[in-house]
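Remarks on the structure that follows.
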Amino acid sequence: MTLRKKPRLLFILCVLSCGVALPQERHANGSLTLHLVAEQAGNPRTVPAVIWLEARNGTPVLPFASHEHYTLLQKNRTFIPHLQVIPVGSTVQFPNKDPFFHNVFSLFDGKRFDLGLYEAGISRSVVFSREGPSYIFCNIHPEMSAVIIALSTPLYAIATEHDSLQIRNIPPGSYKLHYWIEGVQQQTLDGMQRDIEVASETDLGDVHISVPAVVEHDNMFGKPYEKTPDPPY
């Protein structure tokens, strides 16, 4: 009886003394969900919106998986897509696919640039090295507008057509929640920031915000666009 038990005893002693790795408890990632209720003059309105999480108090900062190629297309006097989220440091191409000239610029917060006048078939690029939103327009066509938001975290969500936002696979920890909502002043957005703890599934419910009426923007020289019945391009 004693001889048969020796191999088992020796194995147990080896596990305890030789530092064999044993399974450790793992904490599952969490998620964050909210529903944006935007209203203009008391009436519900669907607006482009983005939320993202900034790691705080020692919570690990997740890197973007990779820096892809990004494009903001100019077609039919429209920027496509209207809203785009990219990692900080990414390059965005601005190809002109219209049969006339465009002049892409951004002079508001974020990345400031002026790509100058260029014709169909030409593409120019910009490196977005500063975190935050960049509001982009054409100096010839006032109806053209777009927003590029450069972030240093992959923990973000873009609002769906139902104004729902959800961030998945969030490592447990402390975060600051940031908002971007089109048409809402930055001061108001800053006031909406909040510190949260994510441990599992976190549902913030309805978030109400008043959205002002759309305001026309000036051209790159800070002056109103010229009113012409038939645009030259």
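Would you mention how many residues in region 66-87 are buried (at least 18 other Cβ atoms within 10 Å of the Cβ) and among the hydrophobic types (A, V, I, L, M, F, W, C)?
4
I'd like the full set of residues that are of a type in the set (Asp, Glu) and over 23 Å from residue 49 (Cβ atoms), limited to region 118-158.
119
Just to verify a result, which residue in region 24-69, among those that are of a type in the set (S, T, N, Q) and in a strand (DSSP E or B), is farthest from residue 90 (Cα to Cα)?
43
Residue check, residue 31 against (1) at negative phi; (2) not assigned by TED's automatic domain parsing to the domain that holds residue 205, all met but one. Which one?
Going through the list (1) at negative phi; (2) not assigned by TED's automatic domain parsing to the domain that holds residue 205, residue 31 breaks only (2).
Among the strands (runs of 3 or more DSSP E) lying completely within region 124-233, list those that include at least 1 residues that are in contact (Cβ under 8 Å) with a residue 40 or more places away in the chain and over 15 Å from the mean Cα position of the chain (by Cα).
In region 124-233, the matching strands (runs of 3 or more DSSP E) lie at 132-138, 145-151, 164-170, 173-181, 194-198, 201-210.
For the subset of region 148-196 comprising residues that are closer than 22 Å to residue 79 by Cβ and of a type in the set (Val, Ile, Thr), which member is surrounded by the fewest Cβ atoms within 10 Å (Cβ to Cβ)?
160
Among the residues in region 57-74, are any touching an Asp or Glu at 6+ places or on another chain (Cβ under 8 Å) and either at positive phi or assigned by TED's automatic domain parsing to the domain that holds residue 134 (or both)? Walk me through it before giving the result.
We begin by selecting, within region 57-74, every residue touching an Asp or Glu at 6+ places or on another chain (Cβ under 8 Å); these are 74.
Remaining after also requiring either at positive phi or assigned by TED's automatic domain parsing to the domain that holds residue 134 (or both): 74.
Yes; the residues of region 57-74 include at least one that is touching an Asp or Glu at 6+ places or on another chain (Cβ under 8 Å) and either at positive phi or assigned by TED's automatic domain parsing to the domain that holds residue 134 (or both).
Write out, first by first residue and then by second, each pair whose Cβ atoms fall under 6 Å of each other, whose residues are 6+ apart or on separate chains, and whose first residue, in region 14-43, is farther than 23 Å from residue 168 by Cβ and of a type in the set (D, E, K, R) while the second is at pLDDT 90 or above and surrounded by 10 or more Cβ atoms within 10 Å (Cβ to Cβ).
The qualifying pairs are 39/210.
Quickly run through region 37-65 and pick out the residues that are surrounded by fewer than 12 Cβ atoms within 10 Å (Cβ to Cβ) and of a type in the set (Gly, Ala, Ser).
Passing the criteria: 41, 42, 58, 65.
The values are calculated or read from the model by the stated rules, or taken from the named source; none is laboratory data. For clarity, every value in this text was computed on a predicted model and none was experimentally measured. All Cβ positions, glycine included, derive from the backbone under ideal geometry; neighbour counts span all protein chains shown.
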